[in-house]
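J.: Structure incoming, see below.
The values are calculated or read from the model by the stated rules, or taken from the named source; none is laboratory data. Just so you know, these numbers come straight off a predicted model, no measurement behind them. Quick reminder, even Gly has a Cβ in these numbers, built from the backbone with ideal geometry, and neighbours come from all protein chains shown.
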Amino acid sequence: MVHLTDQEFKTLVDFVHSKYGINLIKKRVLIEGRLSQTLHQKGLSSFRQYIDLLKADRTGAEMTTFLNKITTNHSYFARENEHFNYLANTALPYMERTRSSHDLRIWSAGCSAGQEAYNMAMTIDQYFGANKHLWDTTILATDISMDVLKRAQAAVYPDNNLTNVPPIWKQKYFKSLGDGTYQVCDKIRKEVVFKPLNLMEPFHFIKPFDIIFCRNVMIYFDAPTTDRLIEKFYNVIAPGGYLFIGHSEVINKEATKFRYVQPAIYQRGE
């Protein structure tokens, strides 16, 4: 195993934090364990050489590989399902009453392999039913990893990802590929647009969002970074809009203008 020197570790922590907001201060052993083989494969003898490689790579491919190894892109359908129940039972009825333009702006931030975004699209399709064609509910789904975005666009998932999906939804929204995997149907796939985006960079959106899901992303951030990101979300969400975060994540109620609704759900005042 290749070990990090104190200086190499500090340099790597500072670089990743400044560029992506991810806090690696407690991940030293994990980094050594997961990246040592990568260094050997590239013929590198130290993390100093690897850090130089990360900084010099303009394609982003090396950083994507690094981030994939140190973060957990683990997701499945109906994860923290109470959020989708709230979306169907409270948030969407509110939007139906208040959005006369019939244009809903929705963002899945840190979408991983796409399960969350497609789950949102299915919930929306189920809610509006025959009136769905009257609404524009296109979902923007973003992530920093090109690898997971490619998987998300393919929309193919193993059967164990669908364990919590109701049988009627599985029949309606998925097609079996005959090898133990399922693909999201074309109707739902067309509702989601996937794009790469680094949450640490400035946001450039033309219109504010009505619903933002950013769940189990901020677990990698320290408190100041989380506070800044929550403020950025507040600035791009419409009055009355909802923010959903992961149940293991916490928003500093003293530092945010969002109104607490219930665990992991917040709303901007009207």
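J.: Right, Phe244: touching a Lys or Arg at 6+ places or on another chain (Cβ under 8 Å), closer than 29 Å to His102 by Cβ, in a loop (DSSP other than H, G, I, E, B) and in the same structural domain as Tyr94 (by TED's automatic domain parsing) or not?
T.: Considered against the rule, which asks whether it is touching a Lys or Arg at 6+ places or on another chain (Cβ under 8 Å), closer than 29 Å to His102 by Cβ, in a loop (DSSP other than H, G, I, E, B) and in the same structural domain as Tyr94 (by TED's automatic domain parsing), Phe244 comes out as no.
J.: Give just the number: which of (1) hydroxyl-bearing (Ser, Thr, Tyr); (2) at pLDDT 90 or above; (3) within 27 Å of the chain's Cα centre (by Cα); (4) not assigned by TED's automatic domain parsing to the domain that holds Pro263 does Ser46 not satisfy?
T.: Ser46 satisfies every listed condition except (3).
J.: Exactly one condition in (1) modelled with pLDDT of 90 or more; (2) part of a loop (DSSP other than H, G, I, E, B) is not met by Val2; state its number.
T.: Result: Val2 passes all but (1).
J.: In addition: It is to be established whether one or more residues within segment 147-156 are within 15 Å of Leu87 (Cβ to Cβ) and in contact with a Ser or Thr (Cβ under 7 Å, 6 or more places away or on another chain).
T.: Kept after step one, since they are within 15 Å of Leu87 (Cβ to Cβ), are these residues of segment 147-156: none.
Scanning segment 147-156 turns up no residue that is within 15 Å of Leu87 (Cβ to Cβ) and in contact with a Ser or Thr (Cβ under 7 Å, 6 or more places away or on another chain).
J.: Could you please tell me which pairs satisfy a Cβ distance under 7 Å, a separation of 6+ or placement on different chains, a first residue in segment 100-114 that is closer than 16 Å to Lys132 by Cβ and assigned by TED's automatic domain parsing to the domain that holds Leu243, and a second residue that is in a loop (DSSP other than H, G, I, E, B) and not hydroxyl-bearing (Ser, Thr, Tyr)?
T.: Between residues of segment 100-114 that are closer than 16 Å to Lys132 by Cβ and assigned by TED's automatic domain parsing to the domain that holds Leu243 and residues that are in a loop (DSSP other than H, G, I, E, B) and not hydroxyl-bearing (Ser, Thr, Tyr), the close pairs are His102/Trp135; Leu104/Trp135.
Yes/no per residue for (1) under 30 Å from Gly60 (Cα atoms); (2) in the same structural domain as Asp136 (by TED's automatic domain parsing); (3) among the small types (Gly, Ala, Ser):
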position: Ala152; (1), (2), (3): yes, yes, yes
position: Val156; (1), (2), (3): yes, yes, no
position: Lys172; (1), (2), (3): no, yes, no
position: Asp179; (1), (2), (3): no, yes, no
position: Val193; (1), (2), (3): yes, yes, no
position: Phe205; (1), (2), (3): yes, yes, no
position: Val217; (1), (2), (3): yes, yes, no
position: Leu229; (1), (2), (3): yes, yes, no
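J.: Report, by residue number, each residue of segment 195-230 that is in a loop (DSSP other than H, G, I, E, B), crowded, with 22+ Cβ neighbours inside 10 Å and either among the charged types (D, E, K, R) or free of Cβ contacts under 8 Å to residues at least 40 places away in the same chain (or both).
T.: Arg215 - this is the single residue of segment 195-230 that is in a loop (DSSP other than H, G, I, E, B), crowded, with 22+ Cβ neighbours inside 10 Å and either among the charged types (D, E, K, R) or free of Cβ contacts under 8 Å to residues at least 40 places away in the same chain (or both).
J.: Which number in (1) in contact with a helix residue (DSSP H, G or I) (Cβ under 9 Å, 6 or more places away or on another chain); (2) without any contact (Cβ under 8 Å) to a residue 12 or more places away in the chain; (3) closer than 22 Å to Gly110 by Cβ marks the one condition that Ala56 misses?
T.: It is condition (3) that Ala56 fails.
J.: Output the residues belonging to segment 92-115 that are under 19 Å from Phe205 (Cβ atoms) and assigned to a helix (DSSP H, G or I).
T.: Across segment 92-115, the qualifying residue is only Met95.
J.: Inside segment 116-153, can you point out the residues that are under 17 Å from Asn68 (Cβ atoms), in contact (Cβ under 8 Å) with a residue 12 or more places away in the chain and in a helix (DSSP H, G or I)? Walk me through how you get there before you give the answer.
T.: Here is the first cut: in segment 116-153, the residues under 17 Å from Asn68 (Cβ atoms) are 142-153.
With the extra rule that they be in contact (Cβ under 8 Å) with a residue 12 or more places away in the chain, the set shrinks to 142-149, 151-153.
Within segment 116-153, Met146, Asp147, Val148, Leu149, Arg151, Ala152, Gln153 qualify.
J.: Next question. If a residue must be under 16 Å from Gly110 (Cβ atoms), among the β-branched types (Val, Ile, Thr) and more than 13 Å from the chain's Cα centre (by Cα), how many such residues does segment 202-236 contain?
T.: Count: 5.
J.: Which members of segment 97-118 meet the condition of being over 16 Å from Glu191 (Cβ atoms) and surrounded by 15 or more Cβ atoms within 10 Å (Cβ to Cβ)?
T.: Selection gives Arg99, Ala109, Gly110, Ser112, Ala113.
J.: So which residues in segment 155-171 are in contact (Cβ under 8 Å) with a residue 24 or more places away in the chain and part of a helix (DSSP H, G or I), if there are any at all?
T.: Passing the criteria: Asn160, Asn161, Leu162, Trp169.
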